[in-house]
Amino acid sequence: MKRNFMFLAVMLLSGAMAMAQTANVKKANNALLTDPVNYDEARDLIEQAKKDPSTATDAKTWYVAGRIGYTLANKEWNKRYLNQTPDADLLYVGMKEMYSNYMKADSFDGKEIDKKGNPKYTQRKNIKGDLKEMQNCFIDAGAAKFDAREYDKAYEMFTDYVAVADLPIFDDKERAKVKIDSTYNQIKYYAAIAALRAEKSDEALKLLQEITTTDYKDKQAVYELMSNVYQSQGDTVKYVQSLKDGLEAYPKSEFFIGSLVNHYVTTRNYKEALDYVDGVIAKQPDNMEYVNLKAELLIQLGQYDDAKAAIDNMLAKDRSAVNLYLMGKCYAIEGGNVQDAASDPSLSNAAYDREMAKAKKIYAESLKYFEEAKPIMDKNDSRYASMLQVMKTLYIQTKGSTSAEYKAIDEELKSIQ
């Protein structure tokens, strides 16, 4: 008898505690209807309900917890209509509180089954309504945090926006309104930038890779950013592949061809660089920048005759300072190689003299082009000072350091250094 009494007492106590926590949920919800809202009181009441076993798995508990965040964020967001500036911190806190608690609420919702055998949702309709209403607020909150250089929080807000658009709780008709692809992909891109600023490069790369599979309008910027990230990580294989992918998608992009060629030149893989330039020229035969680049590569490969032929074609179309400079450079490097070969100790004096005479003749050809380029080249062009340095050396080789030409170049170099 005593045992039965104790069991009944425990049951009554448990029921009373459950009723108390249910009352706390109701009180917390009612607290949101007061003006001003006592957020501390509402949170204290709902936290008790979250921890109590009788209400911890009740969707209503977590919905009210999310509603606290909704109310806070909504109040801040609506300040815009009064020409007031929302508090970025409160906006962030409210949106984060709303989203995390609503997701928890939905995970507990629908456990009851109706007569037709379908889940019976009690909170989902309200959750969906609030998320649709506040969806763009994630963007505002993320932008505010980005401007404040709180990149971790900006990343959270932007990715929460993306997550809402992907939620399975929306049917196809609803999804058409919550997932507008142009905005969705744009915010993904912003999330990637925020992730990079927050030093979350792997998360950023994941987002960028996802965007490349979409019809995002500015995927060129996405490929460029991806390649920069891979380069900063020191992942050469993925860096080069991202450049190739970008070039395939945007064959006229100077960024991708320039970066790819620069990589090959830096690693002294001139043949690979030349192959890519040839591919681009085949599609853009009138692009003088790429023809110019091809000539530079041919010079590096020591294929001077081919380089001169390419430059001659450019000069026939445009006798510009840059094209003249490039031809002069080609002759100068060729002459330098001939002179270096003449320094071979195994050569006879006669052979040495022949090679040096050949080198000087080539140097003279180089100077002819440099001298034509000099008066028409922009003096602010970085190549101008470089050309003067080469001309100074060539005048020593061809005319000596006492020549008027040498002295004039030497004086000009001193004036600009």
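Brief remarks on what is shown
- Filter result (within 16 Å of Asp160 (Cα to Cα), more than 11 Å from the chain's Cα centre (by Cα) and of a type in the set (Ser, Thr, Tyr)) within the range 176-203: Thr183, Tyr184
- Exactly one residue among Ile409, Ile416 is aliphatic (A, V, I, L, M), exposed (fewer than 12 other Cβ atoms within 10 Å of the Cβ) and either more than 25 Å from Ala295 (Cα to Cα) or over 43 Å from the mean Cα position of the chain (by Cα) (or both), and that residue is Ile416.
- Checking Gln220 against (1) out of contact with any helix residue (DSSP H, G or I) (no Cβ under 6 Å at 6 or more places or on another chain); (2) in a helix (DSSP H, G or I); (3) open to solvent by 70 Å² or more (accessible area, probe 1.4 Å); (4) polar (S, T, N, Q), the condition it does not meet: (3)
- The residues of the range 29-58 that are of a type outside the set (Lys, Arg), surrounded by fewer than 21 Cβ atoms within 10 Å (Cβ to Cβ) and in a helix (DSSP H, G or I), listed by number, are Asn29, Asn30, Tyr39, Asp40, Glu41, Asp44, Glu47, Gln48.
- Test set (1) touching a helix residue (DSSP H, G or I) at 6+ places or on another chain (Cβ under 8 Å); (2) farther than 13 Å from Tyr223 by Cβ - Gly246 fails condition number: (2)
- Search result, residues across the range 114-139 that are open to solvent by 60 Å² or more (accessible area, probe 1.4 Å) and in contact with a Phe, Trp or Tyr (Cβ under 7 Å, 6 or more places away or on another chain): Asn126
- Count of residues meeting criterion [open to solvent by 20 Å² or more (accessible area, probe 1.4 Å), closer than 17 Å to Leu196 by Cα and either outside any loop (DSSP other than H, G, I, E, B) or in contact (Cβ under 8 Å) with a residue 24 or more places away in the chain (or both)] in the range 224-237: 6
- Those residues of the range 157-180 which are part of a helix (DSSP H, G or I) and surrounded by 12 or more Cβ atoms within 10 Å (Cβ to Cβ), in sequence order: Met157, Phe158, Thr159, Asp160, Tyr161, Val162, Ala163, Val164, Ala165, Glu174, Arg175, Val178
- Qualifying residue in the range 342-356 (condition: of a type in the set (A, V, I, L, M, F, W, C), out of contact with any strand residue (DSSP E or B) (no Cβ under 7 Å at 6 or more places or on another chain) and within 23 Å of Leu326 (Cβ to Cβ)): no
- Residues of the range 245-262 that are out of contact with any Leu (no Cβ under 7 Å at 6 or more places or on another chain), under 18 Å from Met226 (Cβ atoms) and of a type outside the set (Phe, Trp, Tyr): Asp245, Gly246, Glu248, Ala249, Pro251, Glu254, Gly258, Asn262.
The values are calculated or read from the model by the stated rules, or taken from the named source; none is laboratory data. Given the structure is predicted, the values throughout are model-derived calculations rather than measurements. Counting neighbours? That spans all protein chains shown, and the Cβs are built from the backbone with ideal geometry, glycine included. Heads up: the accessible areas ignore ligands, DNA and RNA and are worked out on the full protein's heavy atoms, side chains in. Shrake-Rupley method; radii C 1.70, N 1.55, O 1.52, S 1.80 Å.
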